[in-house]
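Have a look at the structure below, then the notes.
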Amino acid sequence: MSGSDNDIVDDKAHIRHELDFSDAEWITSTDDPDEPGVEIAFVDGYIGMRNGAQPDGPVLVFTPEEWDAFVAGAKDGEFDEP
């Protein structure tokens, strides 16, 4: 793949292996135990997000700036269904 402006760069590759979410306090998006939702946790200045139905699955990692942009987009309806 050639280097272009559309190439995805993992800007957290240098820190991802150092973040330990195993003992993190996960905050869930729902109070219903039968409907596990998205969960977030704050670790070492980063924000982790995972699928509550698969707590042993992958964790997406956000910088504070990325998280702020994500939350602002959600509040503005950027992720609403059409």
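The values are calculated or read from the model by the stated rules, or taken from the named source; none is laboratory data. Everything numeric here is computed off the predicted structure, so don't read it as measured data. Virtual Cβ from ideal backbone geometry, glycine too; neighbours counted across all protein chains shown. Accessible surface areas use protein heavy atoms only, side chains included; no ligands, DNA or RNA. Shrake-Rupley method; radii C 1.70, N 1.55, O 1.52, S 1.80 Å.
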**OP:** Can you give me the number of residues within segment 32-82 that are hydrophobic (A, V, I, L, M, F, W, C), over 11 Å from the mean Cα position of the chain (by Cα) and open to solvent by 100 Å² or more (accessible area, probe 1.4 Å)?
**Re:** 1
Subject >> Per-region count, segment 21-31, residues open to solvent by 70 Å² or more (accessible area, probe 1.4 Å) and either under 14 Å from Q54 (Cβ atoms) or part of a loop (DSSP other than H, G, I, E, B) (or both) >> reply: 5
Original post:
Out of all the residues in segment 5-19, is one or more open to solvent by less than 80 Å² (accessible area, probe 1.4 Å), touching a Phe, Trp or Tyr at 6+ places or on another chain (Cβ under 8 Å) and at pLDDT 85 or above?
Top reply: yes
